[in-house]
Ligand code: ADP
């Protein structure tokens with residue numbers, strides 16, 4: 001027969017069962033809480049969910065979650081909910097950790113939770129702490145100065161991380177009191193909430209780190225882009241740090257100055273940048289937003305003088321220099337002014353002669369013999385021809401430049417043409433011109449233009465042979481070419497000038513009065529015409545012994 005258990009045994013059993021059930025429920029609740037809280041990684045949402053979970057488990061009229069900053073010893077509100085409404089945590093005052101009283105401070109100091117079912121009494125009796133009362137509108141009252149609190153009971157639970165208190169959760173009720181079981185449940189939930197907040201914080205930090213990494217990458221990419229741009233621009237760019245060390249030297253700088261960046265970078269500008277002293281002295285560094293001033297500086301590079309135009313912009317750590325090579329522009333300018341000087345000089349001489357002769361002829365008081373008259377007329381004719389020739393040369397050169405001269409590609413007997421040119425020129429040349437030509441030598445080209453070249457070469461040979469005895473003209477053939485050589489015994493051309501004399505306006509010694517007049521266009525015109533006939537013109541010469549100019553044309 002069944003034996004009835006004694007009363008106290010049954011009561012004990014009931015307590016155990018109740019306890020077990022409660023523990024199971026708590027465990028279930030915490031498990032759900034862990035999952036629910038872990039689903040979000042936004043801190044605000046974690047607090048909201050934590051509060052939802054609390055609302056289901058324990059009656060309360062207010063919740064405040066605060067963080068504790070150990071370094072500054074300050075307690076800050078992170079989340080507040082009072083009587084059904086969220087309160088902006090920033091509107092609540094920061095609290096200094098109190099060393100003696102205060103409920104939050106006690107929890108932080110001890111690391112243990114606190115249960116107070118007579119908050120009013122505690123506030124009245126606590127000398128060391130600071131107490132505030134917050135209503136649902138967020139109005140904060142300092143206690144007890146502004147009157148009694150309406151809070152009856154409060155639970156305060158520390159939030160811990162690796163054994164240290166990092167915050168406090170407060171739960172308040174105006175009507176009821178709390179039990180140890182309530183406290184235990186809140187502790188469990190706070191533990192879960194703390195973990196979820198930590199996860200969210202980590203995630204936030206990682207996000208921030210990723211964002212700053214991305215920003216750093218973007219800056220680096222921008223720099224690289226700028227560097228690539230600086231590499232690609234046609235202007236030379238270099239950067240000199242305030243301590244005088246070169247830190248950047250772009251491709252164009254390499255090309256213009258002829259120094260590789262490896263030779264220059266990390267070296268003192270004073271030692272590696274050609275003309276640095278002049279650059280530093282003459283180039284004004286713009287330090288503000290104003291437009292940089294351009295300075296032209298002649299810079300000696302190897303054995304060449306370059307004309308560089310510089311601007312310099314100051315940066316906090318150094319100066320960026322940008323420069324452009326104006327050497328060829330300057331040479332062109334120089335050539336232009338030389339040309340104007342040459343042409344006006346060249347024109348003035350025949351014009352003065354023509355003018356003088358005409359005036360003399362017109363003078364009624366001078367009785368001129370018919371011989372004298374015809375001499376003057378002869379001079380007018382010759383000088384007019386010279387004027388026409390100069391004008392012709394200038395016009396032809398500019399038409400060649402503009403590509404307006406077309407040349408024929410006919411079969412031309414250069415042997416016959418050379419003989420004819422010598423015949424034409426001989427009367428104007430005081431020297432003997434000898435001919436050494438085969439019976440015929442057919443080339444492809446433009447008869448008039450070849451003749452023009454030969455006349456020019458013969459004219460030069462005579463002009464630059466003040467003491468020469470003769471001029472020789474040879475015509476010969478190779479498999480593919482026909483060569484006409486005009487050799488003189490004149491002043492010759494130095495090796496260093498042998499390229500330049502074919503340039504436009506180039507004259508070896510334009511300022512020496514004893515050199516015969518000329519525009520410096522003759523050989524340029526010859527070279528350009530020869531090229532258009534797929535030929536070329538070259539010179540071999542020994543200064544003082546004479547020159548041989550050779551025209552080569554394709555065989556016809
Ligand atoms: P120009 O004779 O009008 O000065 P060119 O173009 O024909 O111009 O010649 C350019 C320069 O080349 C001359 O100024 C002269 O110094 C040099 N030169 C040309 N032909 C000869 C030559 N046969 N002997 C020596 N120097 C020459």
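The values are calculated or read from the model by the stated rules, or taken from the named source; none is laboratory data. Just so it is clear, the structure is predicted and the values come from calculations on it, not from any experiment. Positions of Cβ are backbone-derived with ideal geometry, glycine not excepted, and every protein chain shown enters the neighbour counts.
Any idea which of 427, 439 is more than 16 Å from the ligand (Cβ to nearest atom), part of a helix (DSSP H, G or I) and over 22 Å from residue 536 (Cα atoms)?
427
Against the condition buried (at least 21 other Cβ atoms within 10 Å of the Cβ), part of a helix (DSSP H, G or I) and either touching a residue at least 40 places away in the same chain (Cβ under 8 Å) or within 14 Å of the ligand (Cβ to nearest atom) (or both), how does residue 457 come out, does it pass?
So residue 457 passes the test.
Provide a single number: the residues in the range 27-43 that are free of Cβ contacts under 8 Å to residues at least 12 places away in the same chain and not in a helix (DSSP H, G or I).
Residues meeting the conditions: 1.
Within the range 465-480, track down each residue that is within 16 Å of the ligand (Cβ to nearest atom) and touching a residue at least 60 places away in the same chain (Cβ under 8 Å).
Across the range 465-480, the qualifying residues are 465, 468.
Does the range 525-532 contain at least one residue that is surrounded by 14 or more Cβ atoms within 10 Å (Cβ to Cβ), part of a loop (DSSP other than H, G, I, E, B), near the ligand (Cβ under 8 Å from one of its atoms) and over 44 Å from the mean Cα position of the chain (by Cα)?
No, that holds for no residue.
Which of the residues spanning the range 406-422 are within 57 Å of the chain's Cα centre (by Cα) and not in a strand (DSSP E or B)?
Answer for the range 406-422, where residues must be within 57 Å of the chain's Cα centre (by Cα) and not in a strand (DSSP E or B): 406, 407, 408, 409.
For the range 232-267, what are the residues that are at pLDDT below 90 and surrounded by 15 or more Cβ atoms within 10 Å (Cβ to Cβ)?
The answer is 235, and nothing else.
Given (1) out of contact with any strand residue (DSSP E or B) (no Cβ under 7 Å at 6 or more places or on another chain); (2) within 12 Å of the ligand (Cβ to nearest atom); (3) part of a helix (DSSP H, G or I); (4) more than 15 Å from residue 537 (Cβ to Cβ), where does residue 462 come up short, assuming only one miss?
Every condition holds for residue 462 apart from (1).
If I ask for residues that are within 25 Å of residue 52 (Cα to Cα) and assigned to a strand (DSSP E or B), which ones from the range 79-120 would you list?
79, 80, 81, 82, 85, 86, 87, 114, 115, 116
When you scan the range 490-506, how many residues do you find that are within 12 Å of the ligand (Cβ to nearest atom) and either over 26 Å from residue 342 (Cα atoms) or within 43 Å of the chain's Cα centre (by Cα) (or both)?
Residues in the range 490-506 being within 12 Å of the ligand (Cβ to nearest atom) and either over 26 Å from residue 342 (Cα atoms) or within 43 Å of the chain's Cα centre (by Cα) (or both): 10 in total.
Please verify whether residue 324 is free of Cβ contacts under 8 Å to residues at least 40 places away in the same chain and in a strand (DSSP E or B), treating the condition exactly as stated.
It is false that residue 324 is free of Cβ contacts under 8 Å to residues at least 40 places away in the same chain and in a strand (DSSP E or B).
In contact with a helix residue (DSSP H, G or I) (Cβ under 8 Å, 6 or more places away or on another chain) and more than 16 Å from residue 323 (Cα to Cα): which single residue out of 262, 270, 277 fits that description?
Every option except 270 fails the conditions.
Take residue 243 and decide whether it is on the phi > 0 side of the Ramachandran plot and not in a helix (DSSP H, G or I).
Judged against the criteria, residue 243 is not a match.
Limited to the range 285-321, what total is found for residues that are within 18 Å of residue 259 (Cα to Cα) and either touching a residue at least 60 places away in the same chain (Cβ under 8 Å) or assigned to a helix (DSSP H, G or I) (or both)?
3
Just to be sure I understand, how many residues within the range 235-258 are within 19 Å of residue 297 (Cα to Cα) and in contact (Cβ under 8 Å) with a residue 40 or more places away in the chain?
Total meeting the criteria: 10.
Please go through the range 63-85 and give me each residue that is without any contact (Cβ under 8 Å) to a residue 40 or more places away in the chain and surrounded by fewer than 16 Cβ atoms within 10 Å (Cβ to Cβ), ordered by number.
Listed by number, the residues that qualify are 69, 71, 72, 73, 74.
Determine if the range 539-548 includes at least one residue that is part of a loop (DSSP other than H, G, I, E, B), at pLDDT below 95 and either within 7 Å of the ligand (Cβ to nearest atom) or in contact with a helix residue (DSSP H, G or I) (Cβ under 9 Å, 6 or more places away or on another chain) (or both).
Yes: one or more hits.
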